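Q: Structure incoming, see below.
The values are calculated or read from the model by the stated rules, or taken from the named source; none is laboratory data. All figures in this text were calculated on a predicted structure; none of them were measured in a lab. Heads up, the Cβs are rebuilt from the backbone with ideal geometry, glycines too, and the neighbour counts pull from every protein chain shown. All accessible areas refer to the heavy atoms of the entire protein, side chains included, with ligands and DNA or RNA removed. Shrake-Rupley method; radii C 1.70, N 1.55, O 1.52, S 1.80 Å.
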Amino acid sequence: MSPSNFPDNDRAAINRANAAKSTGPRTEAGKQRSKLNALRHGLTGQTVVLPTEDHSAYQRHSQSLLDECKPDGAIETQLVQSLIDTSWRMNRAAAVESNLFSLGITEMENSIQADHPEADAALAMALAFREHTRAFAQISVYGQRLARQFERTLDQLRKIQDERHNQERRQLDEAANLLKMHQEDGLPYDPAEDGFVFSNADIETYIHRSERREQAFDRAYDS
């Protein structure tokens, strides 16, 4: 009898038995791959957070940008994700530069005898920079490239969101006029019939805010 012909109870028992045999990666290399898989970006498969970094810090970093940018739709979400990952790498580059200085100071501290702790540290830092000029230059170029990428992505996101907000305002203006017309005629109004995603409550809130802004403007103008 083939597995497809097994009764449901037998098939379930076989599945449980097979699952019990799977204990996950056993070798160190396999465990490392499994660990990295948990940190990979879901869309690109790239490893964004390194094993030595705090994944919870990355999550807090992600949430802070999502809360601030408030993406709507797949394109805006993708752009915000790019901002998250790019800024994370920018912070990492800055940390690598600081760590490189610390490493150089540690390596050079025995070569400096200025008999003053602050002077010793300053001279050791200068020697570290001189000894690792190429590494510092590479970090700088890398950081600048990431900064330009961040700025371009942010500009693109702002442009898309401005267009979306302007379109929403135009649609709300149109929906507000239609709602007022129906209210004057004593007729119910369903925004969905005109292709709007707003509810009547949303439209009325928009009308109320618009009227308050006009009143505030008129009062400021009169004064």
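Q: For segment 165-223, what are the residues that are farther than 26 Å from LYS70 by Cβ and of a type in the set (Phe, Trp, Tyr)?
A: Those that are farther than 26 Å from LYS70 by Cβ and of a type in the set (Phe, Trp, Tyr): TYR189, PHE217, TYR221.
Q: Of the residues PHE136, PHE196, which is among the aromatic types (Phe, Trp, Tyr) and assigned to a helix (DSSP H, G or I)? Quick ask: steps written out before the conclusion?
A: Numbers: PHE196 fails: assigned to a helix (DSSP H, G or I).
Step by step, each of PHE136, PHE196 is checked, and only PHE136 is among the aromatic types (Phe, Trp, Tyr) and assigned to a helix (DSSP H, G or I).
Q: Within segment 48-57, is there a residue that is within 30 Å of ARG152 (Cα to Cα), under 13 Å from the mean Cα position of the chain (by Cα) and modelled with pLDDT of 85 or more?
A: yes
Q: What number of residues in segment 141-181 are aromatic (Phe, Trp, Tyr) and either loosely packed, with under 12 Cβ neighbours inside 10 Å or outside any helix (DSSP H, G or I) (or both)? Reasoning before the result, please.
A: Filtering segment 141-181 down to residues aromatic (Phe, Trp, Tyr) leaves 142, 150.
Next, only the ones that are either loosely packed, with under 12 Cβ neighbours inside 10 Å or outside any helix (DSSP H, G or I) (or both) stay: none.
Result for segment 141-181: 0.
Q: Further question on the same structure: Take the residues in segment 57-102 that are of a type in the set (Gly, Ala, Ser) and open to solvent by 50 Å² or more (accessible area, probe 1.4 Å); name whichever of them is nearest to HIS165 (Cα to Cα).
A: ALA74
Q: Report, by residue number, each residue of segment 188-223 that is more than 18 Å from GLU168 (Cα to Cα) and open to solvent by 100 Å² or more (accessible area, probe 1.4 Å). I'd like the intermediate steps shown before the answer.
A: The first filter runs over segment 188-223 and keeps only residues more than 18 Å from GLU168 (Cα to Cα), leaving 188-189, 212, 214-223.
Listed by number, the residues that qualify are PRO188, ARG212, GLU214, GLN215, PHE217, ARG219, TYR221, ASP222, SER223.
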